[in-house]
Number of protein chains: 2
Amino acid sequence: MLTLYSFGPGANSLKPLLALYEKGLPFEGRRLNPAEFEHHEDWFKAINPRGQVPALDHDGTIITESTVICEYLEDAFPDAPALRPADPVLRAEMRVWTKWVDEYFCWCVSTIGWERMISQMARAIGDEEFEAKVARIPVPEQQKKWRDARNGFPKEVLDEEMRKIGVSVRRLEERLKDHDWLVGDQYTLADICNFAIANGMQKGFAELVNPTDTPGLVAWIDRINARPAAQRMFAEVPRESLKPREAA
Amino acid sequence: MLTLYSFGPGANSLKPLLALYEKGLPFEGRRLNPAEFEHHEDWFKAINPRGQVPALDHDGTIITESTVICEYLEDAFPDAPALRPADPVLRAEMRVWTKWVDEYFCWCVSTIGWERMISQMARAIGDEEFEAKVARIPVPEQQKKWRDARNGFPKEVLDEEMRKIGVSVRRLEERLKDHDWLVGDQYTLADICNFAIANGMQKGFAELVNPTDTPGLVAWIDRINARPAAQRMFAEVPRESLKPREAA
């Protein structure tokens, strides 16, 4: 049996959610509420000591790290529809893309997202409660990110992240302007992992991602959203409101 | 035919070098001289536009990114001795370790290494020549790293990197204090990729990595160095001098 601990279908949580639906693997979804800091509660840190979603429970064994979970589903369910090319060269190309998401693309988009949305959540909490919540975060870098979001990220950090988002968007467009998919002619984890970050940029970063400047990227985002698995997933797994339970 | 473009057997270059020797795959080694900035020359940027080693040429197809190259060798040469567990859960554990090297462990050790060694190399070059060399670096983050090395990294950066090195060393020791290998009971890419960064820390970071404080880590480093493949590799692939050709 598969249980996926995740937030709603965005960012890193979206990767295994979409992969599970594409592969047609039944699973129990256990959604955590980021506005409640549920992922830093002791019960969840007993599952993932780093206090991070997504995490997959497969018959009692926990697999962490969104990209690792996606590759795990390929290894553990070889009879389900493949999201990884059989050819070793294409598989390496896929991994260069998924690695790039994890080391570059996801971070710059995340910082701007935190500045725009998480900062308000962090500022709505009183000093004492905020410090108590931060103290429960097991990863020092994440503690710092929460403090930065509350204080506002320094302007030079935001400028640099926006530069990187521009680089990222151009890199994606360069490939997608004349290809349906990022690797070969197959829909793979390279697409899923990049889509997890890129989906929504047509709205949040419309000055960069739009039909005029990045027609290939926009068409690819639409192409993935139109897939039956994506449609089912977004219908069944609602986005979170980023509000605490009592306020929701 | 396999051709590996690399520096000497340290850091990211060490990963595929050791994997190739362990797998018994014959290859042509093409060593670049970092002190000559050979990896930023046009002939090499035609091979890897990012100007980074290692890069593998397999019958004319280029594979980049050290960890991706290692997984590629597993996929492309399934009959050679395996460095990746067959079990999907162990394979996922292996990937959590190799990902951690690439996203955390390698960076903190690298910064201190650059501060200690590359900085001298960068300062030995005149202003004009230095700027000309930096202008040829295709990755902006690498340009910044060269400038930081020449100017000296800010103290708060060095302090933070030393903190992360401490975290890294404790994480490795926590596993290795009572295990021979990082994943299961098999020598895998998790060991090779971590060893690529950890080997030499007994000397360069002796206050952290020593038989008293980290007996498991030290024994593991010795265990890998004692392997026939490692012995052959270090005998056949000399470390670089970090000196330009005319001064070597």
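Please treat every number below as a calculation from the coordinates, not as lab data. Note that the structure is predicted; figures quoted are calculated from it, not measured. When we count neighbours, we look across all protein chains shown, and the Cβ atoms used for this are built from the backbone with ideal geometry, even at glycine.
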Seminar exercise, completed: Sorted shortest first, the nm distances from the B:L25 label point (7 Å along Cα→Cβ) to its counterparts in the other copies are 2.7
Problem set entry | Alpha carbon convex hull of the stretch A:103-248, volume per residue in cubic angstrom | 138
Seminar exercise, completed: Honestly chain B on the Cα gyration tensor test (a ≥ b ≥ c root eigenvalues; a/c under 1.5 rounded, otherwise a/b vs b/c for prolate or oblate) is just oblate
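Kindly identify the stretch A:171-234 as rounded, prolate or oblate by the Cα gyration tensor criterion: order the square roots of the eigenvalues as a ≥ b ≥ c, call it rounded if a/c is under 1.5, otherwise compare a/b with b/c, prolate if a/b is larger, else oblate.
Values: a/c = 1.84, a/b = 1.16, b/c = 1.59.
Oblate, since a/c reaches 1.5 and b/c is not below a/b.
Kirkwood Rh over alpha-carbon pairs of the stretch B:1-121, then Stokes-Einstein at 10 °C and 1.306 mPa s: what D in µm² s⁻¹, rounded to an integer?
Numbers: Rh = 15.4 Å.
Rounded to a whole number, D works out at 103 µm²/s.
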Problem set entry | Separation between Cα centres of the stretch B:115-175 and the stretch A:4-83, rounded to whole Å | 36
For this session: Place the label 7 angstrom along Cα→C-beta at A:P81 and in each other copy, then list the distances from the first to the rest in nm, shortest first.
Result: 4.1
Exercise. Could you work out the helix-only [θ] at 222 nm for chain A, with each DSSP H run of four or more residues adding -39,500 (n - 2.57) and the total divided by the number of residues, to the nearest 500 deg cm²/dmol?
Worked result: -15500 deg cm²/dmol
Exercise. Which length gain, in nm to one decimal place, applies between A:D222 and A:A206 when the Cα-Cα distance is subtracted from 0.36 nm times their residue separation?
Worked result: 4.3 nm
Problem set entry | Sequence-distant residues sharing a close amide H with A:R30 (under 5 Å, placed H) | A:L4, A:Y5, A:S6
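Filter the GluC sites (Glu not before Pro) in the stretch B:154-247 to those in DSSP coil with at most 14 other Cβ atoms within 10 Å of their Cβ, and list the result.
Values: sites: B:E156, B:E160, B:E161, B:E173, B:E174, B:E207, B:E236, B:E240, B:E246; in loops: B:E207, B:E240.
Filter output for the stretch B:154-247: B:E207.
With only Lys, Arg, Asp and Glu charged, each at its Cβ (+1 for the first two, -1 for the last two), find how big the charge dipole of chain A is about the Cα centre; round to the nearest 20 debye. Please report the intermediate quantities before stating the final value.
Values: 32 positive and 40 negative charges, 74 e Å.
Dipole about the Cα centre, nearest 20: 360 debye.
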Exercise. Relative to the other copies, what are the label-point distances for B:R136, with labels 7 Å from Cα along the C-beta vector, expressed in nm at one decimal and sorted shortest first?
Worked result: 5.5
For this session: Per residue of the stretch A:182-196, in order, report the coupling 6.51 cos²θ - 1.76 cosθ + 1.60 (Karplus, θ = phi - 60°) as ³J(HN,Hα) in whole Hz, putting x for Gly and Pro.
Result: 6, 10, x, 10, 10, 6, 10, 4, 4, 5, 4, 6, 6, 4, 4
Problem set entry | Debye, to nearest 20: dipole size of the stretch A:64-108, +1 on Lys, Arg Cβ, -1 on Asp, Glu Cβ | 120
Exercise. Taking the axis about which chain A rotates onto chain B, which residue of A lies nearest it as judged by Cβ position, and how many whole Å separate them?
Worked result: A:E103, 3
Exercise. What dipole magnitude, in Debye to the nearest 20, does the protein assembly as shown give about its Cα centre under +1 on Lys/Arg Cβ and -1 on Asp/Glu Cβ?
Worked result: 560
For this session: Provide, in order from the shortest bin, the percent of all Cα-Cα pairs of the protein assembly as shown in each 20 Å bin, continuing until the bin that contains the maximum pair distance.
Result: 21, 58, 21, 0
Exercise. Looking at B:A124, A:A46, A:M233, which one has the Cα that reaches farthest to the positive end of the dipole of the protein assembly as shown (charges on Cβ: Lys, Arg +1; Asp, Glu -1)?
Worked result: B:A124
Problem set entry | Among A:N33, A:F77, A:V96 the positive-end extreme of the charge dipole of the stretch A:23-96 (Cβ point charges) | A:V96
Seminar exercise, completed: In order over the stretch B:110-120: 3J(HN,Hα) from phi, Karplus 6.51/-1.76/1.60, θ = phi - 60°, whole Hz, x for each Gly or Pro, gives 4, 4, 5, x, 5, 4, 7, 10, 5, 4, 5
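Which pairs, out of A:K133/B:K203; A:K155/B:K164; A:K145/B:K99; B:K99/B:K203; B:K15/B:K133, put more than 29 Å between their alpha-carbon atoms? Intermediate results must be reported in sequence, preceding the final value.
Values: A:K133/B:K203 40 Å; A:K155/B:K164 25 Å; A:K145/B:K99 21 Å; B:K99/B:K203 25 Å; B:K15/B:K133 27 Å.
Table pairs above 29 Å Cα-Cα are A:K133/B:K203.
Sort A:H179, A:H40 by Cβ crowding within 10 Å, fewest neighbours at the top.
Numbers: A:H179 13, A:H40 21.
Sorted ascending by nearby Cβ count, the order is A:H179, A:H40.
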Exercise. Using the Cα gyration tensor of the stretch B:61-175, with a ≥ b ≥ c the square roots of its eigenvalues, what is the shape: rounded (a/c below 1.5), prolate (a/b larger than b/c) or oblate (neither)?
Worked result: oblate
